[in-house]
1. Among the chymotrypsin sites (Phe, Trp or Tyr not before Pro) within the range 57-139, which fall in a DSSP loop and have no more than 15 other Cβ atoms within 10 Å of their own Cβ?
2. Would you work out if the range 1-103 is rounded, prolate or oblate? Take a ≥ b ≥ c from the square roots of the eigenvalues of the alpha-carbon gyration tensor; rounded if a/c is under 1.5, else prolate when a/b is larger than b/c, oblate otherwise.
3. Let a ≥ b ≥ c be the square roots of the eigenvalues of the Cα gyration tensor of the chain; is it rounded (a/c under 1.5), or, if not, prolate (a/b larger than b/c) or oblate?
4. What nm value, rounded to one decimal, do you get for the distance between E79 and S67 when each label is placed 7 Å out toward the C-beta?
5. Report, in deg cm²/dmol and to the nearest 500, the calculated mean residue ellipticity at 222 nm for the chain, where each DSSP H run with n ≥ 4 adds -39500 (n - 2.57) and the sum is divided by the residue count.
6. Mind running the shape call on the range 109-154? Use the C-alpha gyration tensor, a ≥ b ≥ c as the square roots of the eigenvalues: rounded below 1.5 for a/c, prolate if a/b tops b/c, oblate otherwise.
7. Please get the size of the charge dipole for the range 64-144, origin at its Cα centre, with Cβ charges of +1 on Lys and Arg and -1 on Asp and Glu, quoted in debye to the nearest 20.
8. Full extension from Y56 to D127: what is 0.36 nm times the residue separation minus their Cα-Cα distance, to one decimal in nm?
Amino acid sequence: MKNLAVFSSGFGSNLQAIVNSVKKSKVKANIALVISDNVDAYSLVRAKKAGIDFLYADPADFKDRTSYDKFIVRRLKKEKIDYVVLAGFMRIISDYFIRQYKHKIINIHPALLPSFKGTQAISDALDYGVKVTGVTVHFVTSTLDGGPVILQSALDIKDDDTLISLSERIHRLEHKLYPKALDLLVNGKLLVKGRKVFVKR
Ligand code: GAR
């Protein structure tokens, strides 16, 4: 069984969706570790409740991004982590980290990439006035929010949507899409060729 490390800086609803999918054997993997850069992240409470090992690492304790990531990677190797799952982790991952886990780090983004990159994707889409937005799961590369796309799912923006109502629908979609992508990943079903990701039959 593959070992996952889930990274989350905040509320951790995606972490919870993954935990639930693992419990129901919809994703056959072991969540070996939850990592956060935020001491107040509710995801750490979720990890504790689920009986999963967790690590809080404070970026302020490290001289730069690479030293932070070297510390994290050492721990990942020690735990024999196969895949890194970014779920609302609001830090940029260094090239060093990415090289160590090439095509083994995935991220979920609350918009249809390449539209609305960055940390405010839901409000950016709403403010722009697009009629359709959605969710993207992608491999992480050194280009921010620019790695090969694994799965996407779209939803319509309604005239009376607010940030709250749209965020709720986006999150519901994320909680379905991320476990689906993880299931493909841990079963070795994803083939990356350049920018494209193919699902093996
Ligand atoms: C999710 O909507 C995720 O897509 C987003 O942060 C949220 C975390 O929610 N990630 C990004 O915006 C990355 N650029 P959660 O903590 O409840 O899972």
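1. Qualifying residues, ordered by number: F62.
2. oblate
3. The shape class here is rounded.
4. 2.3 nm
5. -11000 deg cm²/dmol
6. It is oblate, given that a/c is not under 1.5 and a/b is not larger than b/c.
7. Details: 13 positive and 7 negative charges, 99 e Å.
Charge dipole, the range 64-144, about its Cα centre: 480 debye, nearest 20.
8. 22.2 nm is the gain from fully extending Y56 to D127.
Values in this text are rule-based calculations from the coordinates and carry no lab data. Owing to the predicted nature of the structure, the values given are computational and were not obtained by experimental measurement. Note: ideal-geometry Cβ built from the backbone for every residue, glycine included; neighbour counts use all protein chains shown.
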